[in-house]
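Colleague: After the structure tokens below, expect a handful of questions from me.
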């Protein structure tokens with residue numbers, strides 16, 4: 001299944017690369033206490049590079065859930081100033097429309113608290129996280145039909161376009 005997850009991530013990366021956002025894949029294997037098999041996840045990071053330190057980014061986590069089925073969790077982080085032209089309800093509505101599935105949105109603000117007992121709050125950053133997940137069946141090499149592969153490729157292309165569309169929200173202006 002690990003090879004299938006890595007193939008899925010590579011196919012998704014190729015589709016994302018076509019949208020113009022840089023992407024990188026890494027595999028994480030963890031051994032949880034009491035587990036018979038290791039927990040494996042493949043993570044596709046999108047938009048993370050030296051030139052984009054304060055820009056929008058996405059992380060796609062791919063986990064096996066049962067034979068040939070994986071869960072895909074998408075987290076898109078948008079700096080708050082890049083989507084300030086949208087009210088939270090508008091942002092949620094647009095994100096849901098772009099992703100094509102139900103989405104959740106969290107607003108995060110980070111502050112620095114001063115030293116020596118003084119309460120000095122300096123606002124460091126604000127951002128919104130749009131997250132959603134879905135399950136996807138991975139075709140079995142040698143068993144799947146051409147139609148199965150075409151449907152799989154179309155679903156991945158749609159997922160990649162949705163992620164790129166969410167990242168592009170940060171580039172929109174009123």
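Just so it is clear, none of the values below were taken in a lab; they were calculated from the coordinates. These figures come from a predicted structure and were not determined experimentally. Because the Cβ atoms are built from the backbone with ideal geometry, glycine has one as well, and the counts that use them run over all protein chains shown.
Colleague: Counting other beta carbons within 10 Å of each Cβ, put 81, 127 in order, fewest first.
Modeller: Fewest-to-most Cβ neighbours within 10 Å comes out as 81, 127.
Colleague: Let me ask something else about it. Can you put 98, 130, 105 in order of Cβ neighbours within 10 angstrom, beginning with the fewest?
Modeller: 105, 98, 130
Colleague: Same structure, new question: Tell me, 72, 163 in order of fewest to most beta-carbon neighbours within 10 Å?
Modeller: Fewest-to-most ranking of 72, 163: 72, 163.
Colleague: How would you order 74-80, 28-34 from highest to lowest mean count of nearby Cβ atoms within 10 Å?
Modeller: Result, highest mean Cβ count within 10 Å first: 74-80, 28-34.
Colleague: What FRET efficiency comes out for residue 106 versus residue 68 if R0 is 41 angstrom and r is the Cβ-Cβ distance? Round to the nearest 0.05.
Modeller: Once the sixth-power term is evaluated, E becomes 0.85.
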